Amino acid sequence: MVYLDLEELSLVEKCINDQDVELLKLVIIEVCQALKTLDLRNNQIGARGTQLLAEMLKDTRILTVLNLANNHIGDSGAKWLAAVLDQNTTLTTLVLQNNKIGDTGIESLALALEHNK
């Protein structure tokens, strides 16, 4: 198995969708074990893709920055992230602007962050 010492990965505006995230998750977990920053701004990631990224956050304990601005996460995706933020202590920056996250999603994230002090 080949491992990459890649610390930053920027895939901005690459039309990445939920199906693409499934493959990306596997690559990051198996090959990019030193990854600290993942920038997925301006893509087409929805709730399912966010669920897969949340699962990845459970399996990777080194990622510190995740930028998901300008995707299609919504309340469901926010809830998936909230579920993992409650346990993940390495992620220090999570960018979620412009994702159509409503009050329900914001509340889930706020509660998770409160527990994650």
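Read-outs throughout are calculated quantities, based only on the coordinates presented, and are distinct from any laboratory measurement. Remember, it's a predicted structure, so these values are computed and weren't measured experimentally. Note that we place each Cβ from the backbone using ideal geometry, even for glycine, and neighbour counts take in every protein chain shown.
What is the sum of charges around Cys32, taking Lys and Arg as +1, Asp and Glu as -1, for the other residues whose C-beta is under 14 Å from the C-beta of Cys32? Local charge sum for Cys32: -3. Counted by Cβ distance under 15 Å from Leu66, the other residues give a net charge of 0, where Lys and Arg count +1 and Asp and Glu count -1.
A straight chain from Thr64 to Leu94 at 0.36 nm per residue would run longer than the Cα-Cα distance by 10.0 nm.
Considering only Val65, Leu96, Ala83, and ranking their Cα positions along the charge dipole of segment 60-117 that arises from unit charges at the beta-carbon of Lys, Arg, Asp and Glu, the one farthest toward the positive end is Val65. Using only the C-alpha atoms, the convex hull of segment 70-109 corresponds to 59 Å³ per residue.
Axis of helix 47-59 versus longest Cα principal axis of the chain: the two differ by about 60°, to the nearest ten degrees.
Highest mean first, the peptides 41-50, 16-25, 100-109, 85-94 sorted by other C-beta atoms within 10 Å per residue fall in the order 41-50, 16-25, 100-109, 85-94. Estimated purely from DSSP H runs of n ≥ 4, each contributing -39500 (n - 2.57), the mean residue ellipticity at 222 nm for the chain is -13500 deg cm²/dmol once divided by its residues.
Taking all Cα-Cα distances within the chain, those exceeding 19 Å account for 40%.
Over segment 38-92, the hull volume per residue, using the convex hull of the C-alpha atoms, is 64 Å³.
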